[in-house]
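Chemist: The structure is given below, and queries will be raised subsequently.
The values are calculated or read from the model by the stated rules, or taken from the named source; none is laboratory data. Since the model is a prediction, treat every value here as computed from it, not as a measurement. Cβ atoms come from the backbone with ideal geometry, glycine included; neighbour counts cover every protein chain shown.
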Amino acid sequence: MVVAGLTLPALLFLLKHKMDKTEVAYKNIRAFLIMIQYAEGTYGKDGYRKLYGGGSFNDFSKHPNTPTTKWGITSTAAGAYQILNKTWVELQGKLGLTDFSPVNQDKAAIELIRRRKALDDVYAGHFKEAIAKCRKEWASLPGAGYGQNEKNVQNLLAIIKVAGGLIA
């Protein structure tokens with residue numbers, strides 16, 4: 001049987017190959033998000049509740065917008081990806097996010113990765129390139145230059161691997 005110029009077995013092979021690529025992309029974005037959480041110090045049970053400086057919040061109905069001063073820096077960063085309130089407000093409107101729930105924090109982080117033109121790199125397993133492109137978004141990534149606790153790229157790649165990412 002021929003479907004759109006391909007034999008059925010060839011079509012099934014291509015579909016399976018596409019599914020495999022999708023599965024790899026999913027694993028890679030998941031691993032990259034875990035790496036960001038690790039780098040930002042929010043990985044773990046309560047990571048989605050973290051405020052900049054180590055405090056926490058309980059109300060996921062909105063971004064907590066709690067300015068906190070620590071180590072000489074005042075920030076409204078919150079959640080697993082330490083998203084600033086002004087960034088959240090903009091992303092919330094653009095993406096139609098109704099609350100600051102963990103799933104919406106994940107969506108916002110993926111959008112930030114996309115904006116940095118790093119999403120295709122993440123999907124393809126080009127993590128060094130993705131980290132470099134995202135360094136101005138997350139202060140903990142190497143080369144960010146914000147004077148905060150930047151992590152070593154080799155350690156971040158190891159986290160990605162442990163988290164199930166497939167490095168190209």
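Chemist: Among the residues of segment 67-88, how many are of a type in the set (Phe, Trp, Tyr), more than 20 Å from MET35 (Cβ to Cβ) and not in a helix (DSSP H, G or I)?
Modeler: 1
Chemist: How many of the residues making up segment 100-138 are closer than 17 Å to GLU40 by Cα, small (Gly, Ala, Ser) and without any contact (Cβ under 8 Å) to a residue 60 or more places away in the chain?
Modeler: 2
Chemist: Right, LYS128: more than 10 Å from the chain's Cα centre (by Cα) and not polar (S, T, N, Q) or not?
Modeler: The answer is yes for LYS128.
Chemist: Among the residues of segment 50-88, write down those that are among the basic types (Lys, Arg) and under 21 Å from ILE113 (Cα atoms).
Modeler: LYS50, LYS86
Chemist: Tell me, which residue of segment 24-60 that is part of a loop (DSSP other than H, G, I, E, B) and of a type in the set (Asp, Glu) is modelled with the highest pLDDT?
Modeler: Only one residue tops the list, namely ASP59.
Chemist: Which one of LEU156, LEU91, LEU166 is at pLDDT 95 or above, under 13 Å from PHE32 (Cα atoms) and not basic (Lys, Arg)? I'd like the intermediate steps shown before the answer.
Modeler: Numbers: LEU91 fails: under 13 Å from PHE32 (Cα atoms); LEU166 fails: at pLDDT 95 or above.
None of the others qualify; the one that does is LEU156.
Chemist: Let me ask another. Run down GLU111, GLU90 and say which single residue is loosely packed, with under 14 Cβ neighbours inside 10 Å and of a type in the set (D, E, K, R).
Modeler: Sole residue among the options that is loosely packed, with under 14 Cβ neighbours inside 10 Å and of a type in the set (D, E, K, R): GLU90.
Chemist: With at negative phi, touching a Phe, Trp or Tyr at 6+ places or on another chain (Cβ under 7 Å) and free of Cβ contacts under 8 Å to residues at least 60 places away in the same chain as the only criterion, which of THR87, THR68, THR42 stands out?
Modeler: Exactly one of THR87, THR68, THR42 is at negative phi, touching a Phe, Trp or Tyr at 6+ places or on another chain (Cβ under 7 Å) and free of Cβ contacts under 8 Å to residues at least 60 places away in the same chain, namely THR68.
Chemist: What's the number of the only condition in (1) crowded, with 18+ Cβ neighbours inside 10 Å; (2) within 25 Å of LYS70 (Cα to Cα); (3) in contact with a helix residue (DSSP H, G or I) (Cβ under 8 Å, 6 or more places away or on another chain); (4) not acidic (Asp, Glu) that PRO142 fails to meet?
Modeler: Single failed check for PRO142: (1).
Chemist: Just to be sure I understand, how many residues within segment 40-78 are in contact with a Gly (Cβ under 9 Å, 6 or more places away or on another chain), closer than 16 Å to VAL89 by Cβ, of a type in the set (S, T, N, Q) and buried (at least 17 other Cβ atoms within 10 Å of the Cβ)?
Modeler: Count: 1.
Chemist: Does segment 149-165 hold any residues that are surrounded by 16 or more Cβ atoms within 10 Å (Cβ to Cβ), touching a residue at least 60 places away in the same chain (Cβ under 8 Å) and in a loop (DSSP other than H, G, I, E, B), and which are they?
Modeler: LYS151, ALA163, GLY165
Chemist: Which of the residues spanning segment 97-146 are among the small types (Gly, Ala, Ser) and not in a helix (DSSP H, G or I)?
Modeler: Applying the first criterion (among the small types (Gly, Ala, Ser)) to segment 97-146 yields 101, 108-109, 118, 124-125, 130, 132, 139-140, 143-145.
Scanning segment 97-146 gives SER101, ALA118, GLY125, ALA139, SER140, GLY143, ALA144, GLY145.
Chemist: For segment 6-23, does any single residue satisfy the condition of being surrounded by 11 or more Cβ atoms within 10 Å (Cβ to Cβ), modelled with pLDDT of 90 or more and not in a loop (DSSP other than H, G, I, E, B)?
Modeler: Looking through segment 6-23, none of the residues is surrounded by 11 or more Cβ atoms within 10 Å (Cβ to Cβ), modelled with pLDDT of 90 or more and not in a loop (DSSP other than H, G, I, E, B).
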